[in-house]
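What follows is one structure encoded as structure tokens, with my remarks underneath.
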Amino acid sequence: MLAITAKFFNYTIVGAGASGLWLAYTMLKNQLLEDKTLCIVESDSKKVNDRTWCYWAEKPISPIEMHSKEWDFIINSSFAENSEKLFPYKYYHIRSNDFYLSMKQALSSCKNVHWIYDEVIETKETETSVQVRTSRDSWNSDRIFSSSFINKINPIQKSKNELWIWQSFHGWRVKTSKVIFNDSHMSMMNFNVFQGNNTQFIYELPFSGTEALVEITRFGVEKITKEEAEKELQKWMKAKNTDFEIIEFESGNIPMTTAFDAQPKKISYNERIIYIGTPSGAIKPTTGYGFKKMQEYAEKICLALKNNNQIPSSLRKSRFRLYDTLLLQILISKPQKGKLIFTTLFKNQPIQRVLKFLDEKTTITEEILIFSKLPIKLFMNSLFTYIIKK
């Protein structure tokens, strides 16, 4: 049983990944912690450079010192002969270790921020607060913001009623003996790799003429194995006709699912456990991008807290949820068609419109222009399946 404790924090954030640290940093930036306390619960006290975050935007997200590289051009030989200028966007790269250090350094200046390196075992809501227990400690809090489900079924467990595939990836940061990269040009989705019965592509992010992150990504029901990934990465690098060394590795899996889309428009005033990150629907189901959206949601939460307003949910517009559903259905039933869809999209649309669409900021007119150039029969069949299921 959860014992009542005299220890109290106004806010508790469970998880110090991207969403948790964005929220903590945004609370600090908005002066919400000048007279209120925050407890950050982190199960891993020794985080390393375990992943890469990228996003596109017209200007970088602050603090800019966490960015390690930006690109002005995109090039991909599988759908374009020439590079395209990204303007007004740039494509930004952040090493997770730089992000962790930047956020934690900013938070270290606030005496009202407390860290507990442990795992939350149990919570219990009362009329006035939430009781929190870890393996070694317990306290009360007005509100909990959590990037993982608390006292509920593991969110990675699949639901029969939801679409679910994986974005799995393995990447090498390589250093070559020859100057072979153009460090102002990046490649976002190059499909000139073995597909099998999946949708697979390469990211190539050059940091200099001799150094780059080369990463293979799969959209599929089955995750790509290390052996499969390294076979394709070896082929990719062999084609460059240069010796190279691997100086860093990264790998991971991101759920691509509609399971987290069922959000209310507003979160009840009485709700004391509020989800952020993946459980809140921060990850776009058909791309895996979520870093910028996590930052934007943190800003919305803090604005509501500052003005004592009802906290908004991260509910997306219904038509974009439909578009994602249609594409996921295709990737599940006809995974070999993923290459056709994505290469057609990038070939027939200005890159700015594609990125705006992926940001879910296009107009209906722009979306008609996009879908009119896609393999329409695939999407009409998927729409028919969607209507039947409904």
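Conditions (1) crowded, with 19+ Cβ neighbours inside 10 Å; (2) touching a Gly at 6+ places or on another chain (Cβ under 8 Å); (3) modelled with pLDDT of 95 or more, marked per residue:
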residue	(1), (2), (3)
Ala6	no, no, no
Val14	yes, yes, yes
Leu38	yes, no, yes
Asn49	no, no, no
Trp56	yes, no, yes
Phe73	no, no, no
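Residue pairs whose Cβ atoms lie under 9 Å apart, separated by 6 or more positions or on different chains, with the first residue in the stretch 131-151 and not assigned by TED's automatic domain parsing to the domain that holds Thr278 and the second outside any loop (DSSP other than H, G, I, E, B) and basic (Lys, Arg), do not occur. Here Trp172 meets each of (1) in a strand (DSSP E or B); (2) at pLDDT 95 or above; (3) within 27 Å of Leu340 (Cβ to Cβ) with one exception, condition (3). When the stretch 322-375 is filtered for residues that are farther than 27 Å from Gly196 by Cβ, of a type in the set (D, E, K, R) and surrounded by 15 or more Cβ atoms within 10 Å (Cβ to Cβ), the ones remaining, listed by number, are Arg353, Lys356, Asp359, Glu360, Glu367. Applying the condition of being under 19 Å from Thr258 (Cα atoms) and of a type in the set (Val, Ile, Thr) to the stretch 286-307 and asking which residue is surrounded by the fewest Cβ atoms within 10 Å (Cβ to Cβ) yields Thr287. For first residues located in the stretch 314-331 and over 14 Å from Gly281 (Cβ atoms), partners that are among the acidic types (Asp, Glu) and lie 6+ apart or on another chain with Cβ distances below 8 Å form the pairs Arg319/Glu367; Tyr323/Glu367.
With the structure loaded, tell me whether Phe249 is modelled with pLDDT of 95 or more, part of a strand (DSSP E or B) and of a type in the set (Phe, Trp, Tyr) or whether it fails that test. For Phe249, the condition - modelled with pLDDT of 95 or more, part of a strand (DSSP E or B) and of a type in the set (Phe, Trp, Tyr) - is not met. Out of all the residues in the stretch 362-377, is one or more under 24 Å from Tyr55 (Cα atoms) and within 21 Å of the chain's Cα centre (by Cα)? Scanning the stretch 362-377 turns up at least one residue that is under 24 Å from Tyr55 (Cα atoms) and within 21 Å of the chain's Cα centre (by Cα). Looking only at the stretch 100-136, residues that are of a type in the set (Phe, Trp, Tyr) and touching a strand residue (DSSP E or B) at 6+ places or on another chain (Cβ under 7 Å) come to 1 in all. Counting the residues of the stretch 223-246 that are assigned to a helix (DSSP H, G or I), surrounded by fewer than 13 Cβ atoms within 10 Å (Cβ to Cβ) and under 23 Å from the mean Cα position of the chain (by Cα) gives 1. Out of curiosity, is His93 within 16 Å of Ala16 (Cα to Cα), touching a strand residue (DSSP E or B) at 6+ places or on another chain (Cβ under 9 Å) and at pLDDT 95 or above? No.
When restricted to residues that are under 14 Å from the mean Cα position of the chain (by Cα) and not hydroxyl-bearing (Ser, Thr, Tyr), the stretch 263-297 contains 16. What about Gln310, is it exposed (fewer than 14 other Cβ atoms within 10 Å of the Cβ), in contact with a Lys or Arg (Cβ under 8 Å, 6 or more places away or on another chain) and at pLDDT below 95? Answer is yes for this residue.
The residue pairs whose first member lies in the stretch 107-118 and is exposed (fewer than 15 other Cβ atoms within 10 Å of the Cβ), whose second member is assigned to a loop (DSSP other than H, G, I, E, B), and whose beta carbons are closer than 7 Å, counting only pairs six or more residues apart or on different chains, are Tyr117/Glu42; Tyr117/Ser45. Scanning the stretch 186-222 for residues that are surrounded by fewer than 18 Cβ atoms within 10 Å (Cβ to Cβ) and in contact (Cβ under 8 Å) with a residue 60 or more places away in the chain yields a total of 5.
The values are calculated or read from the model by the stated rules, or taken from the named source; none is laboratory data. Just so it is clear, the structure is predicted and the values come from calculations on it, not from any experiment. We place every Cβ from the backbone using ideal geometry, glycine too, and count neighbours over all the protein chains shown.
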